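Participant: Questions regarding the structure given below will be posed in turn.
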Amino acid sequence: MGVWNYLFGKEKSEPIEAAALQEQAEQLDQRLHAHSGVRAPQSGTRSESTWQRVFDRIRHDYEQEGYQDALTTADNKYRDDNIAIIKLDLLADIHEATIAIQEYLKEIEFHVNSRRKAELHDIVDELLTRREICLERLRVMDEIRSDIQQDSGTSTRIILAYKRGFNKGLAALSVANIIQRNV
């Protein structure tokens with residue numbers, strides 16, 4: 001019976017072991033990518049890194065969202081409130097990304113000091129490069145935050161796209177309900 005289990009028992013356990021190894025590899029990959037700033041492949045719709053979520057929000061189809069909102073509630077106050085919400089959501093993502101980057105910078109500083117003591121010069125150089133990347137990302141986050149507060153730059157694109165979609169929705173309502181109606 002031992003030979004039988006040896007020969008045929010492994011076939012049943014290998015897929016389970018392979019699945020477990022695959023799951024562990026995916027988890028490790030996600031953890032590594034969370035700190036590197038590189039997007040890890042994911043099944044969910046949200047990005048792994050807070051940095052990437054800021055840009056996902058910026059790339060969102062606000063024109064379509066504005067259009068749909070106009071069809072459901074054709075009111076300029078509603079439009080203005082939604083624009084304010086969009087800005088606040090973007091600011092919240094920026095704040096979250098800033099905190100994550102600052103925490104990562106603290107970890108980098110610890111590793112730089114530790115690896116310097118161990119005389120691991122190549123690792124220290126790589127860590128310092130990552131530090132510079134993070135500092136640049138913080139600068140970009142500050143720029144975007146400033147743009148939102150001044151209604152310029154990236155935030156202007158978002159607002160214009162939403163208003164454009166909202167206006168298209170209002171026009172579609174007028175065409176469908178008034179202009180094309182035979183009296």
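Participant: Would you mind working out the accessible area per residue for segment 49-176, using a 1.4 Å probe, and quoting it in Å²?
Facilitator: Ligands and nucleic acids excluded, the result is 59 Å² per residue.
Participant: Of all the Cα-Cα pairs you can form in segment 135-174, what percent are over 12 Å apart?
Facilitator: I get 63 percent for the Cα pairs in segment 135-174 exceeding 12 Å.
Participant: Given axes a ≥ b ≥ c from the Cα gyration tensor, I'd like to know whether segment 49-176 is rounded (a/c under 1.5), prolate (a/b larger than b/c) or oblate.
Facilitator: Note, shape of segment 49-176 comes out prolate.
Participant: Pop out the carbon and sulfur fraction of the accessible area of segment 49-176 as a percent, whole number, probe 1.4 Å.
Facilitator: Roughly 53 percent, rounded to a whole number.
Participant: Just to make sure I understand: if all protein chains stay in place, what is the order of His111, His121 by accessible area at 1.4 Å, largest first?
Facilitator: Values: His111 65, His121 125 Å².
Correct descending sequence by accessible area is His121, His111.
Participant: For a test of understanding, tell me how many lysine pairs in segment 49-176 have Cα atoms under 20 Å apart, given they are 8 or more places apart or on different chains.
Facilitator: Counting lysine pairs in segment 49-176 gives 5.
Participant: Ignoring ligands, DNA and RNA, how do Tyr104, Tyr67 rank by accessible area with a 1.4 Å probe, largest first?
Facilitator: Ranked from most to least accessible, the order is Tyr67, Tyr104.
The values are calculated or read from the model by the stated rules, or taken from the named source; none is laboratory data. Since this is a predicted model, take the numbers as computed values, not measurements. Note: accessible area is taken over every heavy atom of the protein model, side chains too, but ligands, DNA and RNA are not part of it. Shrake-Rupley method; radii C 1.70, N 1.55, O 1.52, S 1.80 Å.
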